[in-house]
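J.: To start, I am sharing the structure in question, which I have written as structure tokens.
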Amino acid sequence: DVINDEMGPSASNWTPNSIQKVIQKYETERAPDAKALARIAQIGYPYQYSQSMWRSKLWFVNFVLRTFILSKILPSIFDPSAIVMVQKSELRYSEIWSRAQRTTRRILFTISALAIAIACRSFSFDLPLAGSISQQLHNLNFGRLSW
């Protein structure tokens, strides 16, 4: 705690100047957590009052995907939903927000990679190293050479 570290438990050490310094240090140290908490409040459980049925269902799918599927199968890669991580008192809000953003980027990357792979398969594009060497040689008519 910033106040105890700087001022000590005794109020006799406190002066207006020292209190001012402690408040500034506290604000500097905790500002990232305050910003993160505001963002977590916006995305943590935004549709709890059923403002939008479609968005509420989409949020629920995202919540289940993060919390009960991805974070269980690959916990070192995906974190659970931010609202679940808030319950871990050892994590600062800025850390929770950072993890939530990182998981979002990883989910978007995975979806994009899958979409590209599906598109390449449906248009019959060969991906590098997708086939065996013998198949590639056969495609180049090296398979028909007689020695």
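The values are calculated or read from the model by the stated rules, or taken from the named source; none is laboratory data. On a predicted model such as this, the values are computed, not experimentally measured, just so you know. Cβ coordinates were reconstructed from backbone atoms using ideal geometry, including for glycine residues, and neighbour counts include every protein chain displayed. Quick note on the areas: whole protein, heavy atoms, side chains included, nothing else; ligands and nucleic acids left out. Shrake-Rupley method; radii C 1.70, N 1.55, O 1.52, S 1.80 Å.
J.: Given the Cα-Cα distance of W54 and S122 and 0.36 nm per residue of separation, how much length would full extension add, in nm?
T.: 21.5 nm
J.: What net charge do the residues around I107 carry, taking every other residue with its C-beta under 11 Å from that of I107, with Lys and Arg at +1 and Asp and Glu at -1? Before the final figure, lay out the partial values.
T.: Details: positive: R66, R102, R105, R106; negative: D79.
Net of charged neighbours comes to +3.
J.: Would you kindly find the accessible area of S122, with a 1.4 Å probe and non-protein molecules such as ligands, DNA and RNA excluded, rounding to the nearest 10 Å²?
T.: Estimated to the nearest 10 Å², S122 gives 80 Å².
J.: Quick one: what does P(r) look like for the stretch 38-82 with 5 Å bins over all Cα pairs, in whole %?
T.: In order of increasing distance, the bins hold 5, 24, 24, 21, 16, 7, 2 percent.
J.: Same structure again: If you add up the charges near L70, with Lys and Arg at +1 and Asp and Glu at -1, over every other residue whose beta carbon is less than 11 angstrom from its beta carbon, what do you get?
T.: +2
J.: A further question follows. Straight-line reach from K21: which lysines have Cα under 22 Å away, leaving out those fewer than 8 places along the same chain?
T.: K35
J.: Let me ask another. Quick one: accessible surface of L37, probe radius 1.4 Å, all protein chains present, in square angstrom to the nearest 10.
T.: Using a 1.4 Å probe on the heavy atoms, I get roughly 70 Å².
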